[in-house]
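Quick notes on the structure that follows.
The values are calculated or read from the model by the stated rules, or taken from the named source; none is laboratory data. Remember, predicted model here, so these are calculated numbers, not experimental data. So basically every Cβ, Gly included, is an ideal-geometry build from the backbone, and we count neighbours across all protein chains shown. SASA here: full protein model, heavy atoms, side chains in, ligands and nucleic acids out. Shrake-Rupley method; radii C 1.70, N 1.55, O 1.52, S 1.80 Å.
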Amino acid sequence: MRFRRSGGGGDRAARETQILGWILVAPAMLLVAALVLYPLTQGFKQSIRSGGFLFGELPGYVGSRNYRDVLSDQTSRDAMRHTVEYVLLAVSLELVLGIAVAVTLHRVFRGRGIVLAILILPWALPSVVSGVLWRRVFDPDNGLLNSVLLNLHVISEPHVWLASGRGAIVYITLVHVWGVLPLVSLVLLAGLQSIPDEVYSASAVDGAGPWRQFRYVTLPLLRPSIAIALTVGTLLAISIFDEIYVLNGTALNTRSILIQVYNTTFVTADFAHGTALAFLLAAATAILGGGYALLLRRATV
Amino acid sequence: MLGTRRVLIGLATAALTLAAACGGSDSGSSGGTGGASSESIRGQTITVLVPYAMPQSLLAKFTAETGVKVNYVRTGWDATHNKLLVANQAKSYIADVAEFDWSFTGQFAGAQWVEPLDGLVDAKTLADLKSTDAAFISGGKTYAACYSNDFRVSMYNTKMFAKAGITEFPRTFDELAADVQKLKAAGVQYPLSIPMAATEGGVTPWYLLTLAMGGQLFDDQLAPTFSDSSSAGYQALQWEADAVSNGWVSPGSVAMDDAVAFDKFTAGETAIVLATGPGNMATANDKSQSNIAGDAALGLVPGVDGPGASFGLPEGLSIPVTAKHKAAAAAFIEWWERPENAIAIYKTQGSLPCGASAIKQLADSGELQGGDVLNAELPHVSPLFSAGAPIWYSQFSSDAQGLLNAAVKGQMSVGDALDQLASKAESHNQ
């Protein structure tokens, strides 16, 4: 649409265009407000109110008490610690393995298309389905893993893989990584493919070998893709739920912060503390997301 | 410019039309919730939310009798519980007839999420349920009509027992220990099925064992009585932890829910289910659902000196305060509770009826599987909480699920787990 910049008619036209713009955007804004802002506000209001007489107290404003309660509750603190462990382990593995897979797939070889298609499969599976599949592997009584190890005489009796503390977190993280790795690998592969061949040719002329090329050419130019992969990996790891719930339920040794939110809110009906915990998680995620956004900006500038 | 103006005028007209349409729709809606006794229920459609299946033929019978259509929604027990919690908290409609477990009483009645049935449901129907409805009474009002007369009883595989040279089900825990060794010697690797996962089904065996060992979980003031090492609650959890370390149960029991534990029994992998519902007899002896059909029998829950105490976990039908068709919902509850319908449901679904008339008819006709044992077990059955489940039961149950599971996994000692649980229970009860 063309309109004049000078004169009264032009101003009016510009104003009308501006109004039209607002009107066109308004439904979307109202929808966002209704679906996001309203529940968010209601949720926050609930997080600063008492649980009511269901929890033996009068309904009313309690300030930050619910937040202090969940921060001092040992079960919630353990769930926070577990979540940090899931995130650190998952993101590290996804990054290292993702780069390895991307570098491998970057080379042209026979059957590369088939490998790529197979690689995407775990990502295409819903996390609940992959959890159910892996449950068949880790099942202490009839699971594949125990069966193989018993037949190979590596273990003498069935092992309960998800009963130990750290071990269980590692196994569940591996299941999570199995599902997310394809996505991370594809992001990094796309980044690799965007690096011009001339850069490698020039560095080869300068005497750089494969390792130096990787260290001084690939990694720096891959930084934007790494930042995206980090962001995606971290957000998915923070919100880990399905794999834990399917593999080990709400057991304390593997309980993540989101499982704790679910348990507090929907099992015990303690909506006040549940929403407080959810808001703390949302704040942590927002801070991390903001940090990654800055990282991404620095990487791309 | 003219185009822009036209678009603005068009949008304004559309907005006005939409607003008018919305207004028309509001004014045309009925908005009534019903519930009046004179309300004509014919032509209404009610939603029923229950975690167990119901044959369409039976629902069609109800519709033919009353003219009320039924939208029967079946979800898992935990999912049903969670859906009800969220809908009730939001004060939004979810169903006209809804599941009401014995453990809901304190919370749901306290929050006034369900209607008292006195006055809504026929007094004769409620009188017939008197013996089983105690768990649903709070403040003198009855909040649900019992449809599943569930209590804990033991079940065993007679063929495996015979192979091990055992002639009768053990009456005491000492006898049980001896029989478990005999079963292991006879080739049953893990004789017992006990669910110990961090779920509601995983804590039920502990409740039962505590009562069977002669104790209670709480005193009259709802103060916990299970943290002392000489208490029945402590002994019960220690017994469960020992069952894992002694190989009486499979290693996977620590992550096993009650449904899976029962599946292992019906698959012929285990010989004894220590705590199950009487309705499961029909499943265990059904060839289409069980590998051990014909071999399953009921046994009295073992105790210290003889058969021990058990407890009831009845499930009922309630009418949420947000129900749209309360009179039709009441009619559905009355229909379900009629002896001929309750018996038909028992035969297809396995829920043991609650009404005295239905139980008598079943016993008289010889159709009650394991009837002798059930009759013998009933005098030992008492509610877990004599004054109904407390308002904080769901918090206690959630705490217990995690802590008991950690103890049987060996992640913390039995003493530590029960100390923490007692401390949390005390804080809930304050």
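Compute the distance from the alpha-carbon center of the stretch A:229-301 to that of the stretch B:201-269, in whole Å. Cα centroid of the stretch A:229-301 versus Cα centroid of the stretch B:201-269: 33 Å apart.
Placing unit charges on the Cβ atoms of the charged side chains and taking the dipole of the protein assembly as shown about its Cα centre, the candidate lying farthest along the positive direction among A:L281, B:A422, A:S156 is A:L281. Across the stretch A:142-149, rounded Karplus estimates of 3J(HN,Hα) from the backbone phi angles (6.51 cos²θ - 1.76 cosθ + 1.60, θ = phi - 60°) give 10, x, 5, 4, 4, 4, 5, 5 Hz, Gly and Pro being marked x.
Across B:S57, B:S148, the residue with the most accessible area heads the list, and the full order at a 1.4 Å probe is B:S57, B:S148. Rounded to the nearest whole Hz, the Karplus-based 3J(HN,Hα) values (6.51 cos²θ - 1.76 cosθ + 1.60, θ = phi - 60°) of the stretch B:391-405 follow the sequence 4, 9, 4, 5, 5, 4, 4, 5, 4, 4, 4, x, 6, 5, 4, with x at glycine and proline.
Applying a DSSP loop filter and a limit of 14 other Cβ atoms within 10 Å to the GluC sites (Glu not before Pro) in the stretch B:167-254 leaves B:E168. How big is the gap, in Å, between the Cα center of the stretch B:276-324 and the Cα center of the stretch A:34-110? One Cα centre to the other: 39 Å.
So, with +1 on the Cβ of K and R and -1 on the Cβ of D and E, and no other charges, what is the size of the charge dipole of the protein assembly as shown about its Cα centre, to the nearest 20 debye?
Details: 49 positive and 59 negative charges, 818 e Å.
Dipole about the Cα centre, nearest 20: 3920 debye.
Comparing mean-square fluctuations of A:A276, A:A28, A:A14 from a GNM of chain A with C-alpha springs under 10 Å, the top value falls on A:A14.
GNM on chain B, alpha-carbon springs under 10 angstrom: the most fluctuating residue among B:A123, B:A342, B:A145 is B:A123.
Across the protein assembly as shown, counting alpha-carbon atoms alone, Rg and Dmax equal 30.9, 107 Å. Compared with the dominant principal axis of the Cα atoms in chain B, helix B:56-66 is inclined by about 50°. Only Cα sites of the stretch B:333-430 enter the Debye sum here, all with the same form factor; the resulting log10 I(q)/I(0) across q = 0.17 1/Å is -0.84, listed in q order.
Per residue, what volume in Å³ does the Cα convex hull of chain B take up?
Working: hull volume 84.8 nm³, N = 430.
Dividing the Cα hull volume of chain B by its residue count gives 197 Å³.
Note on chain A: GNM, Cα springs under 10 Å; of A:A117, A:A278, A:A90, the largest mean-square fluctuation is that of A:A117. Near the amide H of B:T172, within less than 5 Å, lie the amide hydrogens of B:G303, all on another chain or at least 5 residues away, with H placed in the peptide plane. Packing-based ranking of B:223-230, B:246-253 yields B:246-253, B:223-230, ordered from highest to lowest mean Cβ neighbour count within 10 Å. With 50 Å² as the minimum drop in accessible area between chain alone and full protein complex (1.4 Å probe), the qualifying residues in the stretch A:15-55 are A:E16, A:L20, A:F53, A:L54.
In Å², and per residue, what accessible area does chain B have when probed at 1.4 Å with the other protein chains present?
Numbers: 17250 Å² over 430 residues.
Here the per-residue accessible area is 40 Å².
About its Cα centre, the dipole of chain A is roughly 1100 debye, where the only charges are +1 on Lys and Arg Cβ and -1 on Asp and Glu Cβ. Dividing the convex hull volume of the alpha-carbon atoms in the stretch A:133-211 by its residue count gives 153 Å³ per residue. Each label point was placed 7 Å from the Cα along the Cα-to-Cβ direction; for B:V304 and B:A259 their separation is 3.7 nm.
Here's how it looks for B:V114: its modeled amide H is under 5 Å from those of B:V321, which are all 5 or more places away or on a different chain. Expressed as a whole percent, the accessible area of the stretch A:61-135 that falls on carbon and sulfur atoms is 71 (1.4 Å probe). Based on the alpha-carbon gyration tensor of chain A and its eigenvalue square roots a ≥ b ≥ c, which shape applies: rounded if a/c is under 1.5, prolate if not and a/b is larger than b/c, or oblate? Since a/c reaches 1.5 but b/c is at least a/b, the shape of chain A is classed as oblate.
By accessible area, using a 1.4 Å probe on protein heavy atoms only, chain B has 52% of its surface on carbon and sulfur. Partners of B:K326 within straight-line reach, counting lysines whose Cα lies under 23 Å from its Cα and excluding those fewer than 8 residues away in the same chain: B:K61, B:K69, B:K83, B:K91, B:K124, B:K130, B:K141.
Calculation over all alpha carbon pairs of the stretch B:83-221 in 10 angstrom steps from 0 returns a P(r) of 9, 27, 27, 19, 14, 4 percent. For the Cα atoms of chain B, what angle does the longest principal axis make with the long axis of helix B:339-349, in degrees from 0 to 90, nearest 10? Helix B:339-349 sits at roughly 70 degrees to that axis.
The 3J(HN,Hα) values that the Karplus relation (6.51, -1.76, 1.60; θ = phi - 60°) gives for the stretch A:111-123 are, in residue order, x, 4, x, 5, 4, 4, 4, 5, 4, 6, 3, x, 5 Hz. Gly and Pro appear as x.
Treating r as the C-beta distance of A:Q74 and A:R12 and R0 as 56 Å, the FRET efficiency rounds to 0.25.
How much accessible area per residue does the stretch A:66-300 have, in Å², with a 1.4 Å probe?
On the way: 11670 Å² over 235 residues.
Per-residue accessible area for the stretch A:66-300 comes out at 50 Å².
Counting Cβ atoms of other protein chains within 10 Å of each Cβ in A:262-272 and taking the mean gives 6. Here is the interface size for B with A: some 2900 Å² of accessible area buried, both sides summed, with a 1.4 Å probe.
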